[in-house]
1. Identify, please: which residue in region 12-39 is over 25 Å from Val343 (Cα atoms) and out of contact with any strand residue (DSSP E or B) (no Cβ under 9 Å at 6 or more places or on another chain) and is, among those, surrounded by the fewest Cβ atoms within 10 Å (Cβ to Cβ)?
2. Could you tell me whether region 201-210 includes any residue that is over 14 Å from Val344 (Cα atoms), in the same structural domain as Asp301 (by TED's automatic domain parsing) and more than 16 Å from the chain's Cα centre (by Cα)?
3. Does Tyr292 satisfy the criteria of being among the hydroxyl-bearing types (Ser, Thr, Tyr) and over 21 Å from Leu243 (Cβ atoms)?
4. Is it true that Val198 is of a type in the set (Val, Ile, Thr) and in contact with a strand residue (DSSP E or B) (Cβ under 8 Å, 6 or more places away or on another chain)?
5. I want to confirm something. Restricting to region 146-166 and keeping residues that are of a type in the set (Gly, Ala, Ser) and buried (at least 24 other Cβ atoms within 10 Å of the Cβ), which single residue is farthest from Arg363 (Cα to Cα)?
6. Out of the residues in region 1-15 meeting the condition of being part of a helix (DSSP H, G or I) and of a type in the set (A, V, I, L, M, F, W, C), tell me which one is nearest to Gly173 (Cα to Cα).
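The values are calculated or read from the model by the stated rules, or taken from the named source; none is laboratory data. This structure is a prediction, so every number in the text was calculated from the model and none was measured. Heads up, the Cβs are rebuilt from the backbone with ideal geometry, glycines too, and the neighbour counts pull from every protein chain shown.
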Amino acid sequence: MNDLEGFPHEMLREIYEQPAALRRTVALYLDGKGLRGDVADRLAGWSNPSGELLIAASGSSRHSGLAAEILLEDLCGLAVDVEYSSEYSSRGGSGSRRPAVIVISQSGETSDTLAALREARGRGEPTLAITNVALSTMAQEAGVSMPLAAGAEKAIPATKSFTCQLAVLFLLGLYGGRRRGQMGALALKENIEKLLAVPDSIENQLNGWRGAMADLAHKYKAASTFLYLGRGIHYAIAREGALKLKEASYVHAEGYPTGELKHGPNALVSDDVPLMVLATVDRDLAASVSRYEKTLQLLDDMKKQGARVIAIANAGDREVAGLVSDCVEVHPTTEYLLPIVEVVPLQLFAYFMALERGVDVDRPRNLSKAVVEG
């Protein structure tokens, strides 16, 4: 058996490695009692009394930052901004704000994000780096490092590093929520249990998603553009799904907040421009149910309009299935963990679209794994 371990491409192998990668990553931060004491000690010296946080990242890492913006504001009561690393490091000006800064990078060497880290350090801001390389430059230069244990990622499109970033950011949200008095001990315990269940959930669904997404890629291979839609934390995953499709298959795609479709992009919707809609829901969270109900209304409008729609929805959701052309099911979990689950079928869709279009999915043109030059 070769290095691909029976898989035809690195990207597919790495998609299938995600349950193991998530287990390894989570194990870095948890013990039988919850968050490991040494991790809590490191993080205690990093937090910012102002309650302001800035996340700087590029590409897929920025999308994990966008998801973190929602969960850190909701779980911790923080004020969070997300910047493109390339913009943050070149804006200039000192300003009066002094937020704590998180930089996120798969390699820990991305030039724009490294420049953002050094800019933040130069301003005297507390810094934290989340990278997949524990001895990377960012990990060593930041005030605090939260490494991943995704393992080497050889395909250029990020998959397992992205889901591991989401897991670490969720753990950071649990730590911050508990420390700032936003989360009780019971809620912390329940959230940890839900996180620990995610790898098995993904593992149990992978083969089903693989077949479903292969079929959908064949069905939609002639599409010229896709619009990916998500509300709240799921908007970040719509952005990530669209990016995966672009970089893996060369098919144009854009991610939008679901409610923004009718503010312009709907003019594009046609047989050649289908929709990919994230329509999952956490039934235990009122805000999630509200967003879901609004998404149902949009799906009903799109059905009347004759749009072709693929939806990612909770297993057994007949309402969504009855309103769309195709429905892919995911097992439900909490709102803030659904992104880790629902992004995996989007990764598979990008992979199979690349195969349908004859693209070298592991090495798409004009891209490299770590952008180390500006």
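1. Ranking the qualifying residues of region 12-39, first place goes to Gly32.
2. No, that holds for no residue.
3. Criteria met by Tyr292.
4. Criteria not met by Val198.
5. Here the answer is Ala150.
6. Only one residue tops the list, namely Ile15.
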